[in-house]
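Scroll down for the structure; my scribbles are underneath it.
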């Protein structure tokens, strides 16, 4: 009996063939199931690496991938042994086969856990990756269409259109190079080209109305130039009044304002003349650029001129009622002192506020003589007021 059993396993019998085939089928089914899951996850990870490399999905996937490769290697080795067993009539212990099946199942389960844990991101990466070829085709077609429209436009010589068209040309070249280099770079290049194409489209849309807009802007700036010249007429008399009615120290910082204002007006006038010529030559963008620059110079002229006339108005008001401004500052000081008392902050801020009260007394006491220095008086009061405001802010922050 024992001799017959030994011969059974050594011989290449139908019974032995059936056992080996069943073992190989079971193992192969487990391997193919793991391999299918691994392939799906691997493709999704590759899409994530191409589209969203900052997510670091490749590094997170690597341990799972290595586990699958180890299981695959062990499976292939065992399958080769089963083939030998089938040919030679030998037997491989069933626990070894069961262990390999569990190993393949465990690897497949690890793949499932990884995929489920990152499913939303991975599926989005696959969708984005798959959409890139269509995105590239659409962006390329739109860019070429806008480029043709720019060439055919009667406004093709406008700088904005020339510059935008050049950016689209560069974007098309970059896109072709990126497509050859990979999907991730192609998507980025397509996105940049899409932005450049949109800028060219806007330039083409805006072009027809620029001649009218430039004419309107030029007329408005010319009106402002006339107004600035009128202001200039008040600067000289105002400066004379300052020197006559107040001490020289009250206007020393304004000595060059009239000259600076006149220079700014002259520069604006010259630029508006050039802008007018550009408009007549159907170059509205140059007109708008020069008009904008002229407006900046006019703003400078207005600021310089107003500084003189406003100083005269201010000093006359202070001269007529010198204590009114000081009263306002004293009220702020009292409020600050009450805040310190009410919030228990006198040890920290009491002496600081008292020092401002003494400073205020010194400032008001300095208004003596036939021509007091009202400008220094105003400047000192403003400085005290700003200091008190800063202390109040710090006390309120302490209160919080």
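Just so it is clear, none of the values below were taken in a lab; they were calculated from the coordinates. Worth saying up front: this structure is predicted, and the values here are computed from it rather than measured. Counting neighbours? That spans all protein chains shown, and the Cβs are built from the backbone with ideal geometry, glycine included.
Tabulated values for the structure
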quantity	calculated
Region 270-348 versus region 122-191: alpha-carbon centroid distance in Å	47
Shape call, region 2-117: gyration tensor on alpha carbons, a/c limit 1.5	prolate
On Cα atoms only, tilt of 119-152 relative to the major axis of the chain in degrees	60
Inter-probe distance in nm under a simple model that places probes 7 Å from Cα toward Cβ, at residue 320 and residue 343	3.8
Crossing angle, helix 374-399 versus the chain [Cα axis fit, 0-90 degrees, rounded to tens]	30
Contour minus Cα-Cα distance for residue 280 and residue 28 (0.36 nm per residue)	82.3 nm
Difference of contour (0.36 nm per residue) and Cα-Cα distance, residue 361 to residue 70	95.8 nm
With Cα atoms, 0 to 90° folded angle of helix 14-51 axis to the chain main axis	10
Rounded if a/c under 1.5, otherwise prolate or oblate - region 173-327, Cα gyration tensor axes	prolate
Per-residue Cβ neighbour rank within 10 angstrom, fewest leading, 380, 324	324, 380
Order of 210, 332, 327 under a 10 Å beta carbon neighbour criterion, fewest first	327, 332, 210
Shape call, the chain: gyration tensor on alpha carbons, a/c limit 1.5	oblate
Least to most buried among 318, 126 (fewest other Cβ within 10 Å first)	126, 318
Calculated FRET efficiency for the pair residue 213/residue 233, C-beta based, R₀ 35 Å, to 0.05	0.65
